[in-house]
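The values are calculated or read from the model by the stated rules, or taken from the named source; none is laboratory data. Bear in mind that the values here come from a model prediction, so they are computed numbers and not experimental data. Every residue, glycine as well, gets a Cβ built from its backbone with ideal geometry; the counts of neighbours run over all protein chains shown. Surface accessibility is based on the protein's heavy atoms, side chains included, excluding ligands, DNA and RNA. Shrake-Rupley method; radii C 1.70, N 1.55, O 1.52, S 1.80 Å.
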Amino acid sequence: MIIFGPVPSRRLGRSLGVNNIPPKVCSYSCIYCQVGATDSMSIKRKEFYSSDQIYYEVAEKVRQLIKLGEKIDNITFVPDGEPTLDINIGNTIEKLKSFGIKIAVITNASLIWDIQVQKDLMKADWVSLKIDSVIENIWRKINRPHGLLDLQKILHGIEEFAASFRGILVTETMLVKGVNDNRESLSKTAQIDKGNKT
Ligand code: SF4
């Protein structure tokens, strides 16, 4: 199912979900992932569904919800994998803006060093970046990243993106007992969350 909800969200109100990635195609295989183990580990962006297919499915759902008098606060890209692996995401965001509803993206930030990913995310109104730890060995342990990913490149990409993004930018850190909840990891990660370098 590409479209789901709307679901109530603490941060995003009534959020209509867009599942633009097939289950568990991801650049990470986080130890806490609710979707299960990553079947298809990848950092290569490609097309999974066309922008038109997503647009028409959202249009249909929005039409139904308007008819029912239901409110939608955000259209949110929150798939069962990493949303920026979808090479069409920027184009799809542009198309969805025609509904006049805010667009949110929840990403693991692993591809944000790629300038084209930054440009695509710039089109959203609200972006959440996952930063579970800025300490290399803890990042590897908790997020189990694709072998070609480089934490320092990701952190640099986050700084670049934060300097030019004009929407609302938030970060998200999942705390796992005994893994990333120690004082050093928490304080260094919080420095990045506040926009300071480690
Ligand atoms: S980034 Fe998200 S989808 Fe990917 S493994 Fe981690 S929790 Fe699961």
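Among the conditions (1) in contact with a Phe, Trp or Tyr (Cβ under 8 Å, 6 or more places away or on another chain); (2) of a type in the set (A, V, I, L, M); (3) open to solvent by less than 20 Å² (accessible area, probe 1.4 Å), the only one that Met122 does not satisfy is (3).
For the range 50-83, a residue qualifies if it is aromatic (Phe, Trp, Tyr) and more than 17 Å from the chain's Cα centre (by Cα), and the qualifying residues are Tyr55, Tyr56. One residue alone among Lys177, Lys97 is closer than 24 Å to Gln53 by Cβ and away from the ligand (no atom under 15 Å from the Cβ), and that residue is Lys97. Taking Glu70, is it surrounded by 12 or more Cβ atoms within 10 Å (Cβ to Cβ) and not aliphatic (A, V, I, L, M)? Judged against the criteria, Glu70 is a match.
The condition (being in a loop (DSSP other than H, G, I, E, B), more than 16 Å from the ligand (Cβ to nearest atom) and among the small types (Gly, Ala, Ser)) is satisfied by just one residue among Gly81, Gly69, Gly5: Gly69. Exactly one residue out of Leu96, Leu111 is over 25 Å from Leu155 (Cβ atoms), touching a helix residue (DSSP H, G or I) at 6+ places or on another chain (Cβ under 7 Å) and open to solvent by less than 10 Å² (accessible area, probe 1.4 Å): that is Leu96.
Just so you know, in the range 14-33 the residues that are open to solvent by 30 Å² or more (accessible area, probe 1.4 Å) and farther than 13 Å from Asn143 by Cα include one that is nearest to the ligand (Cβ to nearest atom), and it is Pro23. Among the residues of the range 114-141, those identified as touching a helix residue (DSSP H, G or I) at 6+ places or on another chain (Cβ under 9 Å) and within 15 Å of the ligand (Cβ to nearest atom) are Val117, Val127, Leu129, Lys130, Ile131, Asp132, Ser133, Ile138, Trp139, Arg140.
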